[in-house]
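Below you'll find the structure, written out as structure tokens, and then a few comments.
The values are calculated or read from the model by the stated rules, or taken from the named source; none is laboratory data. Small disclaimer: the values here were computed from a predicted structure and weren't measured. A quick note on method: Cβ atoms are made from the backbone with ideal geometry, for glycine too, and the neighbour counts reach across all protein chains shown.
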Amino acid sequence: MDHCVIETPAGRLCIWEIRDCITECAWVNAPLRAPETPLLTAAAREVAEYFKKERRTFDLPIAAPGTELEQKVWQAVLAVPYGRTVTAAALAEKLGLRKKFRAVVAACNRNPVALFIPCHRVTAEDGDGGYVGGLDVKRALWDVEGIRSRAAR
């Protein structure tokens, strides 16, 4: 398993690669580590482009391990447009899981590639909601995409 740690405006991001697929990324407090494979180099470049507002989607091979329900939720999250948000309840309704919206929230919290599958675009009904990288990171990603905090509305 190869990995790199890159500096972003939202903090340091560690990206892991296994067998030519991105399998995980996490916001970390770790020393910088340069990308050493072509895929990690491409991932670092695409992340930099995202933060410069030059990229709205990622074009990387992703292999995020998860349950069938998690995969279904993550596919729906990928359909949420750049610069937009959706509530967990609305996402659950769209997936036919109205009574299981907490499962949608749990799937977002278990997303191993949270920047690349943009769960930061999923909010709570009454506010910003949480984020696996923390609210400061979520709001930094929202700043990149021009999303206003629900708390500020």
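For the condition assigned to a helix (DSSP H, G or I) and modelled with pLDDT of 90 or more, Val105 qualifies.
Tell me, yes or no, whether region 124-132 has at least one residue that is of a type in the set (A, V, I, L, M, F, W, C) and under 26 Å from Cys14 (Cβ atoms). So far as region 124-132 goes, yes, one or more of its residues are of a type in the set (A, V, I, L, M, F, W, C) and under 26 Å from Cys14 (Cβ atoms). One residue alone among Thr57, Thr37, Thr85, Thr41 is closer than 20 Å to Val122 by Cβ and outside the structural domain of Trp142 (by TED's automatic domain parsing), and that residue is Thr57.
The strands (runs of 3 or more DSSP E) falling completely within region 1-102 that include 1 or more residues that are surrounded by fewer than 18 Cβ atoms within 10 Å (Cβ to Cβ) and at positive phi map to 11-18.
Residues in region 137-150 that are touching a residue at least 60 places away in the same chain (Cβ under 8 Å) and under 20 Å from Cys14 (Cα atoms): Val137, Ala140, Leu141, Val144. Within region 109-121, at least one residue is at pLDDT 95 or above and farther than 19 Å from Glu24 by Cβ.
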